């Protein structure tokens, strides 16, 4: 199991560690729509059994692609090693039943803008608290890379 430093877990993930599936965290719909994707998940929370074929697929991809820089740091990270890269690989991967995608309401209940407004003290905390009702974790999207 891997979790970014800007992830806060509210419950243990032990039961997922025993499964023979990869697990990833979906991002909020606004993030998905920004990239025109039907599905959009991140690498901020990943759980996998040893030698899983999808992780092998990811590693093989990373070993064979050239690294390019567009000058847009955020887009470069998202598309080379981040959520956009993972989502694109998932779209090409044949055995999707081996992969579990946690719904955003469970693991990314707040958008990046909501996190920002919470940190700035301008958020409607009542709305944000309501969004935490089904959450087992939260990603704060600090993007400190």
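The values are calculated or read from the model by the stated rules, or taken from the named source; none is laboratory data. What you see is a predicted model; the values in this text were computed from it and never measured. Cβ coordinates were reconstructed from backbone atoms using ideal geometry, including for glycine residues, and neighbour counts include every protein chain displayed.
Of the residues that make up segment 117-129, is at least one surrounded by 16 or more Cβ atoms within 10 Å (Cβ to Cβ) and under 18 Å from the mean Cα position of the chain (by Cα)? There is no residue in segment 117-129 that is surrounded by 16 or more Cβ atoms within 10 Å (Cβ to Cβ) and under 18 Å from the mean Cα position of the chain (by Cα). When segment 30-73 is filtered for residues that are on the phi > 0 side of the Ramachandran plot and either within 18 Å of the chain's Cα centre (by Cα) or surrounded by 10 or more Cβ atoms within 10 Å (Cβ to Cβ) (or both), only 36 remains. Under the condition of being outside any helix (DSSP H, G or I) and at pLDDT below 95, the residues counted in segment 82-94 number 1. Being without any contact (Cβ under 8 Å) to a residue 60 or more places away in the chain, in contact with a helix residue (DSSP H, G or I) (Cβ under 6 Å, 6 or more places away or on another chain) and in a helix (DSSP H, G or I) is a description that applies to residue 78. Among the residues making up segment 31-61, those that are touching a helix residue (DSSP H, G or I) at 6+ places or on another chain (Cβ under 8 Å) and over 27 Å from residue 12 (Cβ atoms) are 35, 37, 38, 57, 61. Checked against the criterion of being touching a helix residue (DSSP H, G or I) at 6+ places or on another chain (Cβ under 6 Å), within 23 Å of residue 142 (Cα to Cα), modelled with pLDDT of 95 or more and not in a loop (DSSP other than H, G, I, E, B), segment 12-23 contains one or more residues that satisfy it.
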